[in-house]
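Asks: This structure is in structure tokens; I'll ask about it shortly.
The values are calculated or read from the model by the stated rules, or taken from the named source; none is laboratory data. If you're wondering where the values come from, they're calculated on a predicted model, not measured in any experiment. Here the Cβ positions follow ideal geometry from the backbone for every residue, glycine too, while neighbour counts run over all protein chains shown.
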Amino acid sequence: MSRLKTLSKTLITALTIIYLTPAMAQTSTTDDATVPQVIAASDIHLSIHKDPNCGCCKAWVEQLPSSFSTSIHNTSDVSAIKDKLLIPNQARSCHTAISDNGFFFEGHIPNQALQSFLSNPPEGALGLAVPGMPIGSPGMEVGNKTMRYPIYQINKNGKHSIYAYAEGSKVE
């Protein structure tokens, strides 16, 4: 990739995160809905829905720890699964993973956040989302370049909050 394309991609990603952060960063409140069952890390299975031609999706899957089992569902219409799961448009990315206990994980979420969430799911949560494609996030590595980005928690009551921040694959 030429230097100009790399810089353009970095700028677009940064602007996307800057633009989406205020829209997504709403105060979270929990509802009385039942949270799906918590499962042990060794029993985690993820059904991953992705475009068959997307290299960053493939790279994200390849970096998942061996404690996760996966099934890959290649589709040219990944938005249909996002619609079914009620993932807000501003929270969407290129792939969606669904745990067997019903939580979704949208986009380039670091393993540490995935495992932390599944070991102790917040009450009323539907899942986590990393909108866009942040440079340096798992599957979006560009040399040693990284950027700080939010990981959003999407709740059953329609509200969103920042679950954590990450830089590369390190979660704060």
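Asks: In the stretch 59-80, how many residues are over 22 Å from Phe117 (Cα atoms) and either surrounded by 18 or more Cβ atoms within 10 Å (Cβ to Cβ) or aromatic (Phe, Trp, Tyr) (or both)?
Replies: Matching residues across the stretch 59-80 total 1.
Asks: How many of the residues making up the stretch 74-115 are acidic (Asp, Glu) and touching a strand residue (DSSP E or B) at 6+ places or on another chain (Cβ under 6 Å)?
Replies: Result for the stretch 74-115: 2.
Asks: OK, next. For Ile135, indicate whether it is among the hydrophobic types (A, V, I, L, M, F, W, C) and part of a strand (DSSP E or B).
Replies: Taking the combined requirement at face value, the residue does not satisfy it.
Asks: Which of the residues spanning the stretch 81-121 are surrounded by fewer than 18 Cβ atoms within 10 Å (Cβ to Cβ) and within 15 Å of Val171 (Cβ to Cβ)?
Replies: Asn111, Gln112, Gln115, Ser116, Ser119, Asn120
Asks: Are any of the residues in the stretch 122-133 surrounded by 22 or more Cβ atoms within 10 Å (Cβ to Cβ), modelled with pLDDT under 95 and more than 14 Å from Lys50 (Cβ to Cβ)?
Replies: Yes: the stretch 122-133 contains one or more residues that are surrounded by 22 or more Cβ atoms within 10 Å (Cβ to Cβ), modelled with pLDDT under 95 and more than 14 Å from Lys50 (Cβ to Cβ).
Asks: List pairs: first residue in the stretch 104-119 and over 16 Å from Thr70 (Cβ atoms), second residue assigned to a helix (DSSP H, G or I) and among the hydrophobic types (A, V, I, L, M, F, W, C) anywhere in the structure, Cβ distance under 7 angstrom, at least six positions apart or on different chains.
Replies: Filtered contacts from the stretch 104-119: Ser119/Ala41.
Asks: If you go through the stretch 66-88 one residue at a time, do you hit one that is touching a helix residue (DSSP H, G or I) at 6+ places or on another chain (Cβ under 6 Å) and touching a residue at least 60 places away in the same chain (Cβ under 8 Å)?
Replies: No: the stretch 66-88 contains no residue that is touching a helix residue (DSSP H, G or I) at 6+ places or on another chain (Cβ under 6 Å) and touching a residue at least 60 places away in the same chain (Cβ under 8 Å).
Asks: Tally time: how many residues in the stretch 116-132 are outside any loop (DSSP other than H, G, I, E, B) and out of contact with any strand residue (DSSP E or B) (no Cβ under 8 Å at 6 or more places or on another chain)?
Replies: The total comes to 1.
Asks: Tell me which residues, restricted to the stretch 83-95, are more than 19 Å from Ala164 (Cβ to Cβ) and either in contact with a His (Cβ under 9 Å, 6 or more places away or on another chain) or hydrophobic (A, V, I, L, M, F, W, C) (or both).
Replies: Result: Leu85, Leu86, Cys94, His95.
Asks: Would you point out the residue of the stretch 146-165, among those that are part of a loop (DSSP other than H, G, I, E, B) and either among the aromatic types (Phe, Trp, Tyr) or free of Cβ contacts under 8 Å to residues at least 60 places away in the same chain (or both), that is farthest from Val130 (Cα to Cα)?
Replies: Among them, the one singled out is Gly158.
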